[in-house]
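No value in this document is a laboratory result; all are computed from the given coordinates. As the structure is a prediction and not an experimental result, all values here were calculated from the model. As a convention, Cβ positions derive from the backbone with ideal geometry for all residues, glycine included, and neighbour counts pool all protein chains shown.
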Amino acid sequence: MTGVRPNRRQADRRHNDRRQGDRRRPPSSTPEDSWLSAWGDPSSSRFHAGSGESMLLDTDPGPAGDSRFIAREALRLVSTEGAALPRILRTYVAARAALALALVLAPWLAALMGNRPALPVVLLCLAYAAQAMSLWLIQGARDDRDLPDHLLPRQWLSTIGVDLLAFLLLRVLDPSAQLNYTALLVLPVLMAGVLTRRLVALATAAGVTLALLLAVLAGAGDSGGDTLLQLSQSGLAGAGMFLIAVLASELSQRLAREERSARSSLELARQQTLLNRLVIEEMGEGVLVVDRRNRVRAINPAARQLLGPAGLAMTVPSPLDEVPGLQGLLRALQQAYAEGSWPAAAREMSLMLADGERRTLQLRARFTRRGGIAADDTPPEDICVLFLEDLRVVQGRARQDKLAAMGRVSAGIAHEIRNPLAAISQANALLLEDDLPPPQRRLSRIVADNVGRLKRIVDDVLAVAPGAEATSELIDATAEASLVIDEWRRSAAAEIRLSERLDLELPATGQPVRFDAEHLRRVLVNLLDNACRHASDQPGAVRVRLAPGPAAGQLTLSVASDGPPITPEVERYLFEPFFSTRSRGSGLGLYICRELCERHGASIDFHLAPATARHRNVFGVVMRTAAAG
């Protein structure tokens, strides 16, 4: 037995690996396959839900709904108690109307054959036909949802009671007729077993049996037949009535149990579908569902935002080849279906959006199959579920994980460096107090400059070390930005011409935000230094704008420059520590800006403006306003 278990575990692992691989490959369609898809297609199913029902489980607010069949069936069964009773009662009422017409025609047919029916029989048949037809017309205009689990007394009297009375009178009024009116009593007894409680059904069968026996006894003196034989026949007929009532009651109870089970299952399926819809809509990752015919079946709000204006305007379902800017995605999807797996070259895709912005997305694909939910001839269909995510967000998460670990290590190292650095600085200051030759004094100055640089780096690392406290306060962003920009202008050299190169777009009124004045100064000065360093010498080369948005309760401070656009290779490392494009840069400026913003519930990011814009390199700081709390 010891040699069997490892082999079994290896087999299980191989089986799991095959399952994981199958999810990433397009499935091969076979007529026997089907999948209960969460996104129904009206063109591939014979079921079409109404407007209200189809919107109940929509993944997208467009015309397509998810699992329309489940939605319709759940609404029909879950919201209607005793759903089988209306259907059976409608059938029973229609059968009574048809039987009434047959009873009306039967005497006339008998008269044509030479058997003249009695007038009371004809009148009784006409009266029964009038009642049955009237009830059938009334039942057709009634709302079935108002019906209870079992027939009410008035309903029993208007259907089963009338049938029993009419059929018994026909047997009494015309005992020697060629038609066997006793057989008609099976219908009301059967319906009593189906539509009423078991006790009522047995009472109905007992009443029919007693009526048959009494009819035999009442006519015993008039008929010359064997009374005992007629009583035996009536008794056997009564026993059959009891048997029919019991069997019909048992079958109706089983039907009720099965319907309750189906109703419960459909309710669970409806709740699960609603939950899936809620999860998909709230996902930060974009979800795009495309079939083999390149039609978009579903798209969640995150995917719409990632695809830009084309995604926001997309209707579902719609052909993917008609959506502008997604031709690369279409080619990758066609290649995936042709090759049997998602192409490795398309796992990171750069898309040019309709507004001119270029966005790089990370794509993951899963393939599944959808077939007709009903038992029809709808062929199965392959569906690709694409998971879209902004590559900058993915890199940001990885960067945050790395920075969290790096921050703890850097803080520890900075503490250890501070003490020997202070000793070096003090020793160098003592050397400078002596009368040193010029070469040695120059070397001491170099040491002092680099010690000061190292101290600034250590202070920056400790300022953003984990555990450092930051208190947000209510400040006027307009006033603080104006003050920082004025100080920055005065501290700059005259040849830089900041007054000409800087273009300010600040609101005339105060804009209260929750931040720290000193931290805002450090962030804005760092962004202005970087923008001025890479911008041109033309007037208005650097633009500073303070405007509301992008959402309610937010205010954006943006610093843009007209320098060469930052390449994607550099963009992914912009906010990482110790990354700099300058030889003497510490690479901590933007990293510290991000850390300071996050401490106050703000965010900082970079994006490239459209190619038609002058200022393409845009850094934006999104802060919370006073109304946001």
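From the phi angles alone, apply the Karplus equation (6.51, -1.76, 1.60; θ = phi - 60°) to region 124-138 and give each ³J(HN,Hα) in whole Hz, x where the residue is Gly or Pro.
My calculation for region 124-138 gives 5, 5, 5, 5, 5, 5, 5, 5, 5, 5, 4, 5, 5, 5, 5 Hz in order.
Across region 300-306, in residue order, what do the Karplus-derived ³J(HN,Hα) couplings come to in whole Hz, using 6.51 cos²θ - 1.76 cosθ + 1.60 with θ = phi - 60° and x for Gly and Pro?
8, x, 5, 5, 4, 5, 5
Give the long-range amide H neighbours of Ser318: residues separated by 5 or more places, or on another chain, with amide H under 5 Å away, using H modelled in the peptide plane at 1.01 Å from N.
Placed amide hydrogens put Val296 under 5 Å from Ser318.
With θ set to phi - 60° and the Karplus curve 6.51 cos²θ - 1.76 cosθ + 1.60, what are the ³J(HN,Hα) couplings of region 232-247 in order, to the nearest whole Hz, using x for Gly and Pro?
5, 5, 5, x, 5, 4, x, 4, x, 4, 4, 5, 4, 4, 5, 5
Which of the listed residues, Ala206, Leu231, Gly193, is farthest toward the dipole's positive end in region 84-258, when Lys, Arg count +1 and Asp, Glu count -1 at the beta-carbon?
Positive-most Cα among the choices belongs to Gly193.
Please list, in chain and number order, the residues 5+ apart from His150 or on another chain whose amide H is under 5 Å from its amide H, with Hs placed from the backbone.
none
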